[in-house]
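Novice: Structure in structure tokens, see below.
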Amino acid sequence: MKRTAIYPGTFDPITLGHVDVVNRGLKLFDRIVIGVAENPKKEPMFALEARLKMVRETFTDAPKVEVVSFTGLLVDLAHDQKGDAILRGLRAASDFEYEFQMATMNRRLDERIETCFVMAREDYTFVSSRFIREISGMGGDVSELVPATVAPYLK
Ligand code: PNS
């Protein structure tokens, strides 16, 4: 039986921390569908199309990884994609409260879909899309924290 995980996020932009989560997820699942959320409430810096392109270009050589965008509920995306689980990464304890709330809410919405957490590699514990945007916006070098595909978009 093939197991599919949905890896949702805003990916504004995708970081090497996200890539690490996908690679860990590939050890557990046969197929990973990355769901790039439109998330207008977060007022993303990059338009949905650009975020989608960055993620797609990052995983062009990964046949078990698919990339889609979504606008509604995550559990609806999981149904559409025949997902068995939601995959999320945990960095520090500070992530826990938000992740716990989301996982609990998603379970309320659909009891059948488990949320599965993997721990990000130590090097990426403090990497976040927010810091990437801030540092690169101020001229700092983030090339070791994002996939090579992201650099042209940050310029
Ligand atoms: O990378 P992010 O910004 O932490 O990802 C947040 C995301 C996209 C996972 C979350 O906003 C989400 O699931 N949005 C879809 C709307 C939804 O299903 N909400 C109910 C679950 S709390």
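What follows is calculated from the coordinates using simple rules that are stated; it is not laboratory data. All of these numbers come straight from a predicted model, not from anything done at the bench. Quick reminder, even Gly has a Cβ in these numbers, built from the backbone with ideal geometry, and neighbours come from all protein chains shown.
Novice: Along the charge dipole of the chain, pointing to its positive end and built from +1/-1 on Cβ of Lys, Arg, Asp and Glu, which listed residue (Thr125, Val21, Met138) has its Cα farthest out?
Specialist: In the chain, that residue is Val21.
Novice: Could you list log10 I(q)/I(0) for the chain at q = 0.09, 0.12 Å⁻¹, which the Debye formula gives when each Cα is one point scatterer?
Specialist: -0.27, -0.48
Novice: Note down, for the range 1-49, the three equivalent ellipsoid semi-axes (square root of 5 times each alpha carbon gyration tensor eigenvalue), biggest first, whole angstrom.
Specialist: Here the semi-axes work out to 24, 12, 6 Å.
Novice: Still on this structure: Hey, what did the range 4-154 get for relative contact order, percent, Cα under 8 Å, at least 6 apart?
Specialist: 33
Novice: Highest first, please rank the peptides 45-54, 13-22, 91-100 by the mean number of other Cβ atoms sitting within 10 Å of their residues. Numbers along the way, then the final one.
Specialist: Details: 45-54: 18.1, 13-22: 22.8, 91-100: 11.8.
My ranking of the peptides, most packed first, is 13-22, 45-54, 91-100.
Novice: Right, here's the next one. Rounded to whole Å and ordered largest first, report the semi-axes of the equivalent ellipsoid of the range 8-88 derived from its Cα gyration tensor (root of 5λ).
Specialist: Ellipsoid semi-axes (Å, largest first): 19, 16, 11.
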